[in-house]
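One structure is given here, and the rest of the page talks about it.
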């Protein structure tokens, strides 16, 4: 059998979602620089720092509706 077994490959956590991801051959030269598990997490890397995102919009919208309905009663 050639190569390294998948159980023995290095892994690290994603900087955005925290899920562990495993070394890939295409990352061999830049493994120390790889921080994100996917293109989706790479695209979302700034949302957490800015405090934005779809989850905040949903939560904020629900809270403002409850406030408005409470004031009209």
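Some points to look at:
- Counting beta carbons within 10 Å around each of 16, 4 and listing the fewest first gives the order 4, 16.
- Added length on full extension, which subtracts the Cα-Cα distance from 0.36 nm per residue, residue 24 to residue 45: 5.5 nm
Throughout, read-outs are computed from the coordinates displayed, never taken from laboratory work. None of the values given here were measured: they were computed from a predicted structure. No Cβ is skipped: glycine too gets one built from the backbone with ideal geometry, and neighbour counts run over all protein chains shown.
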